[in-house]
2 protein chains.
Amino acid sequence: MGAGPGAPDLLTLRAARLLAAADIVFHDALVHPETLALAERAEKVAVGKRCGRHSTVQAFINKRLVDAARKHAVVVRLKGGDPMLFGRAQEEIDALRAAGIEFQVVPGITAALAAAADLGVSLSRRGVSRNVVFATPRVGDGEAASDWAEPLVAADTGAIYMGAGEAAAIAAMLIARGKPASLPVVAVENASFPDSRRWTTTLGGLPRLADEAFSGPVVLLLGEALRAAAADPDRVRTEFLEAAEAHLLRAAM
Amino acid sequence: MGAGPGAPDLLTLRAARLLAAADIVFHDALVHPETLALAERAEKVAVGKRCGRHSTVQAFINKRLVDAARKHAVVVRLKGGDPMLFGRAQEEIDALRAAGIEFQVVPGITAALAAAADLGVSLSRRGVSRNVVFATPRVGDGEAASDWAEPLVAADTGAIYMGAGEAAAIAAMLIARGKPASLPVVAVENASFPDSRRWTTTLGGLPRLADEAFSGPVVLLLGEALRAAAADPDRVRTEFLEAAEAHLLRAAM
């Protein structure tokens, strides 16, 4: 199950209903407490992968999921964003299949689309962008670091997950492969939250992101489609907040 | 506002709340009746773009949105999938900005992620896929048809929207540019619905899709990550349906 980008009300109705029916929930570290609270009846188990080697931790999670499915009627594995896009769901799915466990996958809003919504900037745009490349420099154990970014070179719009820490290397590599240093880039931290932060820059200015202290996940958006956001970030931000507050006010009335 | 891929319960909680507060809803043709029914108080206006030239129809929609925002407290523009990914939201956003109208964008589940969830196949996969390219061959008025697919050539995984009608041309072009004819391809129609259909094939076999009669939107997924779905579609399908039915049964108890 995808928990979405972070804001609890960007969960789907289906996910909310299944959480309410869950006996046990295995969740990543970044899932919002209000989202977990929807699983009223369930035991909650944090299974972050921040410590230890990936393969060891993953094997342990797989085993716990299979064991839980044999014991409980409704087991939820809750991941940030969408499970099928940089959510590392496949190994867990394969483990369930191998054990003959029935399952369904509930999709979630992925961070880049939440960031685009925050900015009020479409990632595709008539006459400007007809493709969007989602990529991550993150590698698994023993995996080669090469070629992950190849489609970004030809992309109209790019969305890079888990890349803020390598912003300088990413910028240098894309410029070396022919992307213009003037290409608009927006980094969005904590997309979908009222306290989300953004940095509007260019590919040439992206290395300066290394000086920032991030407190949450960051998605990098790049391409000509982002020029509108780069030109007028404050206005966009103000509009979004005012509109959100106005809606909340009306909903409360 | 994104309505998600089609199944009414894949709407977000935020979208459901705002629909309930809406005075008027302008919606695309493909939005589910149950989703529209959430807007209990609202006037519903269909504004499909199936007839007429795009630019004329778009200008008309823009004007109606601005006029409605001046008259009503909460105006919703409801689009299938996610508004920022092939949802043509930018022209409407620009019109609202130009008119000084406050707004927010509510993201939705996009079709390719719903299709991946249906299949139980992750679009990214450790050691196999570290990037996913979303692209569409659809062009606007007077727009060149070239280069939309360039990032797909280098992609680990590709997701093509609104491309089923041009499947033969897409396959020929990708093979000519060096993709193997044996590359797994899955076409998913009506992703997220209980009656969704799928065709598992290869890039070389993709032209046969022209013989099919589609009754709903189709997303094409391609890449080595899809090999699992191509190998065993029936088992995946059965598992998904059984799990969904079991969950519904439990939820009803």
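Restricting the stretch A:8-34 to residues that are in a helix (DSSP H, G or I) and within 18 Å of A:Ala73 (Cα to Cα), which is farthest from the other protein chains (Cβ to nearest Cβ)?
Step one: filter the stretch A:8-34 for residues in a helix (DSSP H, G or I), giving A:8-10, A:13-21, A:33-34.
Within this subset, residues satisfying the condition of being within 18 Å of A:Ala73 (Cα to Cα) are A:14-21.
On the way: A:Arg14: 4, A:Ala15: 9, A:Ala16: 6, A:Arg17: 6, A:Leu18: 6, A:Leu19: 11, A:Ala20: 8, A:Ala21: 5 Å.
So the residue we want is A:Leu19.
Run down B:Val128, B:Val132, B:Val106, B:Val139 and say which single residue is modelled with pLDDT under 95 and within 8 Å of another protein chain (Cβ to nearest Cβ).
Values: B:Val128 fails: within 8 Å of another protein chain (Cβ to nearest Cβ); B:Val132 fails: modelled with pLDDT under 95; B:Val106 fails: modelled with pLDDT under 95.
Exactly one residue qualifies, and that residue is B:Val139.
Consider B:Ala191 against the criteria (1) in contact (Cβ under 8 Å) with a residue 24 or more places away in the chain; (2) small (Gly, Ala, Ser); (3) surrounded by fewer than 24 Cβ atoms within 10 Å (Cβ to Cβ); (4) at negative phi: it satisfies all of them except one. Which criterion is unmet?
So B:Ala191 meets the others, but not (3).
Could you list all residues from the stretch A:73-112 that are outside any loop (DSSP other than H, G, I, E, B) and either among the polar types (S, T, N, Q) or without any contact (Cβ under 8 Å) to a residue 40 or more places away in the chain (or both)?
Residues of the stretch A:73-112 outside any loop (DSSP other than H, G, I, E, B): A:75-79, A:81, A:90-98, A:111-112.
Within the stretch A:73-112, A:Gln90, A:Glu91, A:Glu92, A:Ile93, A:Asp94, A:Ala95, A:Leu96, A:Arg97, A:Ala98 qualify.
Identify, by number, the condition in (1) open to solvent by 30 Å² or more (accessible area, probe 1.4 Å); (2) closer than 30 Å to B:Leu85 by Cβ; (3) among the acidic types (Asp, Glu) that A:Glu102 doesn't meet.
Failing condition for A:Glu102: (2).
List every residue pair whose Cβ atoms sit under 7 Å apart, with the two residues 6 or more apart in sequence or on different chains, where the first one lies in the stretch A:215-230 and is more than 17 Å from B:Leu85 (Cα to Cα) and at pLDDT below 95 and the second, anywhere, is open to solvent by 40 Å² or more (accessible area, probe 1.4 Å) and part of a strand (DSSP E or B).
Once the first residue is more than 17 Å from B:Leu85 (Cα to Cα) and at pLDDT below 95 and sits in the stretch A:215-230, its partners that are open to solvent by 40 Å² or more (accessible area, probe 1.4 Å) and part of a strand (DSSP E or B) give A:Ala230/A:Thr200.
Mind listing whichever residues of the stretch B:78-95 are open to solvent by less than 30 Å² (accessible area, probe 1.4 Å) and either hydroxyl-bearing (Ser, Thr, Tyr) or within 13 Å of chain A (Cβ to nearest Cβ) (or both)?
Those that are open to solvent by less than 30 Å² (accessible area, probe 1.4 Å) and either hydroxyl-bearing (Ser, Thr, Tyr) or within 13 Å of chain A (Cβ to nearest Cβ) (or both): B:Lys79, B:Gly81, B:Asp82, B:Pro83, B:Met84, B:Leu85, B:Gly87, B:Ala89, B:Gln90, B:Glu92, B:Ile93, B:Ala95.
Can you say whether B:Arg130 is surrounded by fewer than 24 Cβ atoms within 10 Å (Cβ to Cβ) and not hydroxyl-bearing (Ser, Thr, Tyr), as far as the supplied structure shows? Quick ask: steps written out before the conclusion?
Numbers: surrounded by fewer than 24 Cβ atoms within 10 Å (Cβ to Cβ): no; not hydroxyl-bearing (Ser, Thr, Tyr): yes.
Taking the combined requirement at face value, the residue does not satisfy it.
Report those strands (runs of 3 or more DSSP E) wholly inside the stretch A:128-227 carrying at least 2 residues which are closer than 30 Å to A:Val57 by Cβ. Can you show your working first?
Working: elements: A:131-135, A:157-161, A:184-189, A:197-202, A:218-223.
In the stretch A:128-227, A:131-135, A:157-161, A:184-189, A:218-223 are the strands (runs of 3 or more DSSP E) which contain 2 or more residues that are closer than 30 Å to A:Val57 by Cβ.
Can you confirm whether the stretch B:19-30 contains a residue that is small (Gly, Ala, Ser), in contact (Cβ under 8 Å) with a residue 24 or more places away in the chain and surrounded by fewer than 18 Cβ atoms within 10 Å (Cβ to Cβ)? First the steps, then the outcome.
Initially, the stretch B:19-30 is screened for residues small (Gly, Ala, Ser), giving B:20-22, B:29.
Within this subset, residues satisfying the condition of being in contact (Cβ under 8 Å) with a residue 24 or more places away in the chain are B:21-22.
The next check asks that each one be surrounded by fewer than 18 Cβ atoms within 10 Å (Cβ to Cβ); those that pass are none.
For the stretch B:19-30, residues small (Gly, Ala, Ser), in contact (Cβ under 8 Å) with a residue 24 or more places away in the chain and surrounded by fewer than 18 Cβ atoms within 10 Å (Cβ to Cβ): absent.
Restricted to the stretch A:179-201, and to residues that are under 16 Å from the mean Cα position of the chain (by Cα) and β-branched (Val, Ile, Thr), which residue is farthest from A:Leu10 (Cα to Cα)?
Among residues in the stretch A:179-201 that are under 16 Å from the mean Cα position of the chain (by Cα) and β-branched (Val, Ile, Thr), the one farthest from A:Leu10 (Cα to Cα) is A:Val186.
Criterion first (among the β-branched types (Val, Ile, Thr) and within 30 Å of A:Lys63 (Cβ to Cβ)) does A:Val121 satisfy it?
On the way: among the β-branched types (Val, Ile, Thr): yes; within 30 Å of A:Lys63 (Cβ to Cβ): no.
So A:Val121 fails the test.
For a quick check of your reading of the model, give me the residue pairs whose first member lies in the stretch A:35-55 and is part of a strand (DSSP E or B) and crowded, with 16+ Cβ neighbours inside 10 Å, whose second is at pLDDT 95 or above and not β-branched (Val, Ile, Thr), with beta-carbon atoms closer than 7 Å and at least 6 apart or on different chains.
Pairs found: A:Lys44/A:His27; A:Lys44/A:Leu36.
Is there a residue in the stretch B:142-151 that is touching a residue at least 40 places away in the same chain (Cβ under 8 Å) and either open to solvent by 10 Å² or more (accessible area, probe 1.4 Å) or within 19 Å of A:Val132 (Cα to Cα) (or both)?
Checked the stretch B:142-151: no residue is touching a residue at least 40 places away in the same chain (Cβ under 8 Å) and either open to solvent by 10 Å² or more (accessible area, probe 1.4 Å) or within 19 Å of A:Val132 (Cα to Cα) (or both).
Go through the residues of the stretch B:61-72 one by one and say whether even a single one is at the interface with another protein chain (Cβ under 9 Å from one of its Cβ atoms), in a helix (DSSP H, G or I) and farther than 16 Å from B:Met1 by Cβ. Full working, then the answer.
In the first step, residues of the stretch B:61-72 are kept if they are at the interface with another protein chain (Cβ under 9 Å from one of its Cβ atoms); the result is none.
No, every residue in the stretch B:61-72 fails to be at the interface with another protein chain (Cβ under 9 Å from one of its Cβ atoms), in a helix (DSSP H, G or I) and farther than 16 Å from B:Met1 by Cβ.
The values are calculated or read from the model by the stated rules, or taken from the named source; none is laboratory data. All of these numbers come straight from a predicted model, not from anything done at the bench. Reconstructed Cβ throughout: ideal geometry from the backbone, glycine too, with neighbour counts over all protein chains shown. Each accessible area value is taken on the protein alone, full model and side chains, heavy atoms only, with ligands, DNA and RNA left out. Shrake-Rupley method; radii C 1.70, N 1.55, O 1.52, S 1.80 Å.
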